[in-house]
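The values are calculated or read from the model by the stated rules, or taken from the named source; none is laboratory data. Bear in mind that the values here come from a model prediction, so they are computed numbers and not experimental data. The protein model used for the area step is the full one, side chains on, heavy atoms only, and it has no ligands, DNA or RNA in it. Shrake-Rupley method; radii C 1.70, N 1.55, O 1.52, S 1.80 Å.
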Amino acid sequence: EFTCLCPRSGYPDFATIKVNYIPDKKIIELKSLKLFLNSFRAVSISHEEATNRIYEALEKKLKPRFLEVIGDFNPRGNVKTVVRAASGVK
């Protein structure tokens, strides 16, 4: 379960973050991924920006052959948000 803070209200936003990747030379340790995702708990950030930051950080560190990050956020103000950032050929 992923959490961050709504930049407008300051209330927590909840999401499921799904990471799919085909590694090249590096892989990510699950504990490191968990700690990285938990670092967003006190960050005021939009759904799109959170997903993009996760994607960009993983892309920069891992340089995978394929990477996809999907942020499936719980509804806020009756708006359901699913954000997908992807690159490479699967």
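A few comments on the model shown:
- For the chain, calculated [θ]222 nm from helices alone, where every DSSP H run of n ≥ 4 adds -39500 (n - 2.57): -8500 deg cm²/dmol
- Proximal aspartates and glutamates relative to Lys26, as straight alpha-carbon distance under 17 Å, when same-chain residues fewer than 8 apart are discounted: Glu56, Glu59, Glu68
- Mean separation of Cα pairs under 8 Å and 6 or more residues apart, divided by the residue count, gives the range 1-55 a relative contact order of 46 percent.
- Largest accessible area first, the listed residues Glu1, Glu29, Glu49, Glu68 line up as Glu1, Glu29, Glu49, Glu68 when surface is computed with a 1.4 Å probe on the assembled protein chains.
- Accessible-area value, Phe2, 1.4 Å probe, nucleic acids and ligands omitted, Å²: 10
- Viscosity 1.306 mPa s, temperature 10 °C, Stokes-Einstein D of the chain from Kirkwood C-alpha radius, µm²/s: 118
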